[in-house]
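Visitor: Mind having a look at this structure? Questions to follow.
The values are calculated or read from the model by the stated rules, or taken from the named source; none is laboratory data. Remember, it's a predicted structure, so these values are computed and weren't measured experimentally. Reconstructed Cβ throughout: ideal geometry from the backbone, glycine too, with neighbour counts over all protein chains shown.
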C-alpha cells in the first residue's frame, strides 16, 4: 500500500495549483486517509498561506460552509479565541458580536449553524492579521477532517499533495 501511495504522490512533486492533475480529488482522498495527520496539517497550512490559492479567510469560509455543526463550532471557537474578546466586543465583526453573551465563551454547534460563511471569512481574516499562528491552528483542525478539505477544490488539493510528496 505504501508503495502505491508513493507512486500517487510522485506525480505531485511539482504540481501546480493552476493546472492540477485531472484525478487530484481521487488521489487526495486515497492519500489523505493514509498520510500522517501532522503532514496533512502542514500541507493545509501551506495551502492557506499560498498566493496560488484563495486567501485564508475565503478558504476557511468555504470549509465552514461545507461543515457540520460540530465542525463549525470547532473552527469558530478557535478563531474567536484567536481574536480575543476586545475585537469581538468592538462590533467589528458584525453579527458575531451578539453570539456570545452572558459570559459564554464557547459557541455551540447549534449557534454555529446560524452563522453565515461570509461572517466566518471576515473573522478568519481578522484572526490572521491579529494572530498569524491561526493559520497553523486551522491547518491542524482541518487535518482532522480530511474529507471536508476536498471542498477547497482541485488547485488547493494539488498544492497539499505537492507538499505531501516532499515529506
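Visitor: On the given criteria, is residue 82 assigned to a helix (DSSP H, G or I), modelled with pLDDT of 85 or more and either touching a strand residue (DSSP E or B) at 6+ places or on another chain (Cβ under 7 Å) or surrounded by 12 or more Cβ atoms within 10 Å (Cβ to Cβ) (or both)?
Guide: Details: assigned to a helix (DSSP H, G or I): yes; modelled with pLDDT of 85 or more: yes; either touching a strand residue (DSSP E or B) at 6+ places or on another chain (Cβ under 7 Å) or surrounded by 12 or more Cβ atoms within 10 Å (Cβ to Cβ) (or both): yes.
Judged against the criteria, residue 82 is a match.
Visitor: Next question, about the same structure. Tell me, yes or no, whether region 143-163 has at least one residue that is surrounded by 14 or more Cβ atoms within 10 Å (Cβ to Cβ), touching a helix residue (DSSP H, G or I) at 6+ places or on another chain (Cβ under 7 Å), at pLDDT below 95 and over 28 Å from residue 12 (Cα atoms).
Guide: Checking region 143-163: not a single residue is surrounded by 14 or more Cβ atoms within 10 Å (Cβ to Cβ), touching a helix residue (DSSP H, G or I) at 6+ places or on another chain (Cβ under 7 Å), at pLDDT below 95 and over 28 Å from residue 12 (Cα atoms).
Visitor: Given the options 111, 104, 70, name the one that is modelled with pLDDT of 95 or more and farther than 30 Å from residue 18 by Cα. Before the answer, list the steps.
Guide: On the way: 111 fails: modelled with pLDDT of 95 or more; 104 fails: modelled with pLDDT of 95 or more.
Being modelled with pLDDT of 95 or more and farther than 30 Å from residue 18 by Cα holds for just one of 111, 104, 70, which is 70.
Visitor: How many residues, within region 117-133, are assigned to a helix (DSSP H, G or I), surrounded by fewer than 23 Cβ atoms within 10 Å (Cβ to Cβ) and in contact (Cβ under 8 Å) with a residue 12 or more places away in the chain? Explain how you work it out, then say what you get.
Guide: Kept after step one, since they are assigned to a helix (DSSP H, G or I), are these residues of region 117-133: 117-130.
Imposing the further condition that a residue be surrounded by fewer than 23 Cβ atoms within 10 Å (Cβ to Cβ) reduces the set to 117-119, 121-122, 125-126, 128-130.
After this cut, where a residue has to be in contact (Cβ under 8 Å) with a residue 12 or more places away in the chain as well, the list is 117-119, 121-122, 125-126, 128, 130.
The qualifying residues number 9.
Visitor: Within region 27-70, can you find the residues that are in contact (Cβ under 8 Å) with a residue 60 or more places away in the chain, assigned to a loop (DSSP other than H, G, I, E, B) and closer than 26 Å to residue 107 by Cα?
Guide: 55, 66, 67, listed by residue number.
Visitor: What pairs can you find where one residue is in region 1-14 and closer than 15 Å to residue 26 by Cα, the other is in a loop (DSSP other than H, G, I, E, B) and at pLDDT 85 or above, and their Cβ atoms are less than 7 Å apart, with a gap of 6+ or different chains?
Guide: Close Cβ pairs satisfying both conditions: 5/34; 11/21.
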